[in-house]
Amino acid sequence: RPSAFPLSHPAAMDRPELVVATVAVAISAVAVFTALSQRRSRRDELLLSLLHMERNEDRARRSAPAPEESPGGMKRVNSSAGLSRVNSSSNFHRVSSTEALLAGFTMEQAREHAQQGASAANSRSPTEVLLELQRGNARFWMGNAQRPEKSAFERRALIMKQYPSVAILGCSDSRVPVEIVFDQGLGDLFVIRVAGNGLDVSTNASLQYAIHHLQVKVVVVMGHEGCGAIKAAQLDEETIKKEPADLAQALLGIKAGLDEKRLSCIHDPRAHDREAVVCNVQNQVKQLAKDAALMEMVNNDKLAIVGAFYEISSGIVDFFHQISVPGSPRVAKRQNGWGTK
């Protein structure tokens, strides 16, 4: 309906401030509409550019030469081949999510995306998964972290299911944020953090769930430089028992796994600190190795269990003490220097 005071109305002409206010509101509305249009246009251009770039990368990978073969017909597992398969899985997520953002998405599409992501994760071998974890840490300590963020579409897909490839038993220490240290994103890691990365009923049950239900390919027990729990566990029992009951029990559990006689021979503080943490990690890995079901998975190359030490001062994670079964395919591969495709 017509305005109560059109600009041509005598009442409006008698009040110039009303005219000025009306014009100002109109100009502001036009400015806001223009800004929103430009922002939407820039977003669409960015998404289209990302989609084009990722498709070009995918074509380049497809045209890459096949892995070289050994004299015995086995295909050598090299870092470039492993990275290609890892990047293929990663780029699948980025391309499909970019397309979804451009076209909009439904819950059915999110469900399908989650299923495809789980299939891609399940197709990777423990060796490839561990390689990608090492590369992620290298990006972190070299200052080239990608900080992988999930899009709205990918977060919606994660509602359907999770499919991490790695389970990590780490320490609660605030200086050891596992996802950041390995440059991983939402849904990539199944993380259990507890003081001293101790293996007890709760933490072991969490690892069992990750292995048997989420079907992770790699289990990492990771200690770190300057761990307060490990230092406290080396105090005498009388001192430890003065702590609250639950804390004292946890420290005594860690203490039982330390070779204190050997540690007493190490006088350099930093070397002593590292060796105590490594000793604790090795003990936990050995405890996991007592599980016959886990060792059968290791023997069939479906699972890798490895210890690690995170050096806070440098950001580097040192992997060590990977367990295997004598005569298993994993051992044969390492001895021959070759791996099957």
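Per-residue answers, yes or no, for (1) open to solvent by 50 Å² or more (accessible area, probe 1.4 Å); (2) under 17 Å from LEU199 (Cα atoms); (3) among the basic types (Lys, Arg):
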| residue | (1), (2), (3) |
| --- | --- |
| LEU235 | yes, no, no |
| ALA248 | no, yes, no |
| ILE254 | no, yes, no |
| ARG262 | yes, no, yes |
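Checking VAL166 against (1) under 21 Å from ASP318 (Cβ atoms); (2) open to solvent by 10 Å² or more (accessible area, probe 1.4 Å): exactly one of these is not met. Which one?
(2)
What's the number of the condition SER328 fails, among (1) over 25 Å from the mean Cα position of the chain (by Cα); (2) at pLDDT below 90; (3) open to solvent by 60 Å² or more (accessible area, probe 1.4 Å)?
SER328 satisfies all of (1) over 25 Å from the mean Cα position of the chain (by Cα); (2) at pLDDT below 90; (3) open to solvent by 60 Å² or more (accessible area, probe 1.4 Å) except (3).
Output the residue which, of all residues in the range 289-325 that are over 16 Å from VAL220 (Cα atoms) and either open to solvent by less than 60 Å² (accessible area, probe 1.4 Å) or polar (S, T, N, Q) (or both), is modelled with the lowest pLDDT.
Out of the qualifying residues, it is VAL325.
Name the helices (runs of 4 or more DSSP H) wholly within the range 225-280 that hold at least 1 residues that are under 25 Å from VAL181 (Cα atoms)? Quick ask: steps written out before the conclusion?
Details: elements: 228-233, 237-240, 245-256, 260-263.
Result: 228-233, 245-256.
Could you check the range 185-200 and list, in sequence order, the residues that are modelled with pLDDT under 95 and more than 23 Å from LYS255 (Cβ to Cβ)?
Result: GLY185, LEU186, GLY187, ASP188.
GLN215 fails exactly one of the following numbered conditions: (1) more than 19 Å from ALA308 (Cα to Cα); (2) open to solvent by less than 80 Å² (accessible area, probe 1.4 Å); (3) touching a residue at least 60 places away in the same chain (Cβ under 8 Å). What is the number of that condition?
(2)
Applying the selection to the range 244-268, what residues are farther than 18 Å from GLN282 by Cβ and of a type in the set (Asp, Glu)?
ASP246, ASP268
Looking at GLU154, GLU149, GLU128, which is the one that is touching a residue at least 24 places away in the same chain (Cβ under 8 Å), among the acidic types (Asp, Glu) and in contact with a Ser or Thr (Cβ under 8 Å, 6 or more places away or on another chain)?
Numbers: GLU149 fails: in contact with a Ser or Thr (Cβ under 8 Å, 6 or more places away or on another chain); GLU128 fails: in contact with a Ser or Thr (Cβ under 8 Å, 6 or more places away or on another chain).
Step by step, each of GLU154, GLU149, GLU128 is checked, and only GLU154 is touching a residue at least 24 places away in the same chain (Cβ under 8 Å), among the acidic types (Asp, Glu) and in contact with a Ser or Thr (Cβ under 8 Å, 6 or more places away or on another chain).
The values are calculated or read from the model by the stated rules, or taken from the named source; none is laboratory data. All values reported here derive from a predicted model rather than from experimental measurement. So basically every Cβ, Gly included, is an ideal-geometry build from the backbone, and we count neighbours across all protein chains shown. Just the protein is used for accessible areas: all its heavy atoms, side chains included, with ligands, DNA and RNA removed. Shrake-Rupley method; radii C 1.70, N 1.55, O 1.52, S 1.80 Å.
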